[in-house]
Amino acid sequence: MLKGKSVPFALSLLVLSVSASAQGTSDAALRTKVDSIAMQMLQTTGVPSASVAVVTHGRVAYANAYGAAKLDPRALATPEMRYAIGSISKQFTATAILLLQQEGKLSLDDPVSKFVPGLTRGNEVTIRQLLSHTSGYQDFWPQDYVMPMMLLPTTPQAIVDRWAKQPLDFAPGSRWQYSNTNYTIAGMVIEKASGMPFFQFIRRRISQPLGLASASDFDANPRNGDATGYLRYGLGPLRIAPDAGPGWTYAMGELSMTPRDLAKWDISLINHSLLKPESYRALTSAVALNNGASTGYGLGVDVSMQGDRFMVEHSGEVSGFTAENIVFPDDSVAIVVLTNQDAAPAAGAIAGQISQILFATEDAQADSRTAQARAIFDGLQRGTVDRSLFTSNANAYFSQQALADFASTLGPLGAPTGFVQTRKSERGGMVYRSYKVSFPNRTLRAWTYEMPDGKLEQYQIAPAG
């Protein structure tokens, strides 16, 4: 249930289309746009509520909540309410491990058997492999619902006895596979190395130093929040989601907090205010498999480049709740979206659209260049080009054969129903732009390279991937 590495969701649609920074959006304009995005997405998806926080310039620029935190009796959501954040909790667990490593109480390369004996191949599996999901231990909760046994209390030891003493799904370090079992074991490692209960360590060493007041209280309820969590069966009505019993979510997904407090956590990642620099590098560096291939996953976080920007991200899902947390450390930007329905797309979609408005505000030439690209496309449908727009290289590319092929294949499609810029970046001293060209039954991609004098060195068209 508690997902990570699942956000190619809306971020696969995420368009970081310019090299401008988020500083170009005023707070007033940001509020208006965020409000519109969130309210429209709730209406589209039917998710009861969303609570959002946006960080720009390394500060919380806006926090607001939308919809109903509870349906019966109805209670409106407020940004002061706590929501379960699910697997976003994993980066807190990873941070606790790194704090202990800084104190010399463990090493990421220690075998798990040093702290939790009796596990399958525990002398070979390292703590780093637990935190990066490369251990091979079987996931005890891949389902998107709460099974009957999970309505009853359990203990971390009972979980590892059942799932971490089976044969591994693969040799340690040979594959990446998301597994909540890894973080149950990691919680036990923290308790053994620190000499205190897991949640006490999180409270004393992370929540309290960073002022995360809403994340400092824990009880037996894995959804220790103020909002009620909901689910749907198919397209049916919203129904209250069941709670997993105490002990199941533990170190891999039990935290609840307000979006503003999760944003404070993000600011600490941006400012490197809790860990040493080398620990942050470990947290946010993609772990490699034994064969050298990148997993795209650090320690409790997905790490990737989105356009020209470095992104640290993780989603979260626990019974009744879905959450999304995105940090662009180099841009001092973060986006938090918490919702109270599980298996729902709203959190990711809202975060993706907010990302677009933050990073697509300063491309002054976008409209004129899009109009020019559309006009060139229209000409190619007829087998003609205005050669004054192109460099000599591009004009050589547009041979008579090329123009004939463009006309014969693009002309029958008719007029596009949409033509929008989806990305802008720089390469080889030129400006790169990509466009989505929509038709009723298919979508194409057009892309250009633009010289400093404005002439086009390239204009190409292909089916959209």
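The values are calculated or read from the model by the stated rules, or taken from the named source; none is laboratory data. Just so you know, these numbers come straight off a predicted model, no measurement behind them. Note that we place each Cβ from the backbone using ideal geometry, even for glycine, and neighbour counts take in every protein chain shown. We work out accessible area using only protein heavy atoms, side chains counted, and drop any ligands, DNA or RNA first. Shrake-Rupley method; radii C 1.70, N 1.55, O 1.52, S 1.80 Å.
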When every residue in the stretch 166-186 that is among the small types (Gly, Ala, Ser) and within 15 Å of Thr249 (Cα to Cα) is compared, the one nearest to the chain's Cα centre (by Cα) is Ser179
Show me the strands (runs of 3 or more DSSP E) entirely contained within the stretch 378-465 in which 3 or more residues are among the hydroxyl-bearing types (Ser, Thr, Tyr) and open to solvent by less than 30 Å² (accessible area, probe 1.4 Å).
430-439
Out of the stretch 257-296, which residues are touching a helix residue (DSSP H, G or I) at 6+ places or on another chain (Cβ under 7 Å), open to solvent by 50 Å² or more (accessible area, probe 1.4 Å) and either touching a residue at least 40 places away in the same chain (Cβ under 8 Å) or in a strand (DSSP E or B) (or both)?
Lys264, Lys276
Looking only at the stretch 342-352, decide whether some residue is touching a helix residue (DSSP H, G or I) at 6+ places or on another chain (Cβ under 7 Å), within 30 Å of Pro237 (Cβ to Cβ) and part of a loop (DSSP other than H, G, I, E, B).
yes
All but one of (1) closer than 11 Å to Ser132 by Cβ; (2) out of contact with any strand residue (DSSP E or B) (no Cβ under 6 Å at 6 or more places or on another chain) hold for Leu274, so report the exception by its number.
(1)
Looking only at residues that are in contact with a helix residue (DSSP H, G or I) (Cβ under 7 Å, 6 or more places away or on another chain) and in a strand (DSSP E or B) in the stretch 297-312, which one is most open to solvent (accessible area, probe 1.4 Å)?
Phe310
Got at least one residue in the stretch 332-339 being at pLDDT 95 or above, in a strand (DSSP E or B) and of a type outside the set (A, V, I, L, M, F, W, C)?
yes
Between a residue in the stretch 17-37 that is farther than 11 Å from Ala61 by Cα and open to solvent by 60 Å² or more (accessible area, probe 1.4 Å) and any residue that is of a type outside the set (Lys, Arg) and at pLDDT below 95, which pairs come within a Cβ distance under 7 Å, given they are 6 or more apart or on different chains?
Ser19/Asp308; Ser19/Ser425; Ser19/Glu426; Lys33/Ile357
Can you name the residue in the stretch 358-377 that is open to solvent by less than 10 Å² (accessible area, probe 1.4 Å) and in a helix (DSSP H, G or I) and is also modelled with the lowest pLDDT among such residues?
Leu358
Filter the stretch 234-256 down to residues that are hydrophobic (A, V, I, L, M, F, W, C), touching a strand residue (DSSP E or B) at 6+ places or on another chain (Cβ under 9 Å) and surrounded by 24 or more Cβ atoms within 10 Å (Cβ to Cβ), then give me how many there are.
2
Mind checking which strands (runs of 3 or more DSSP E) fall wholly inside the stretch 47-122 and carry at least 2 residues that are on the phi < 0 side of the Ramachandran plot and surrounded by 20 or more Cβ atoms within 10 Å (Cβ to Cβ)?
49-56, 59-71
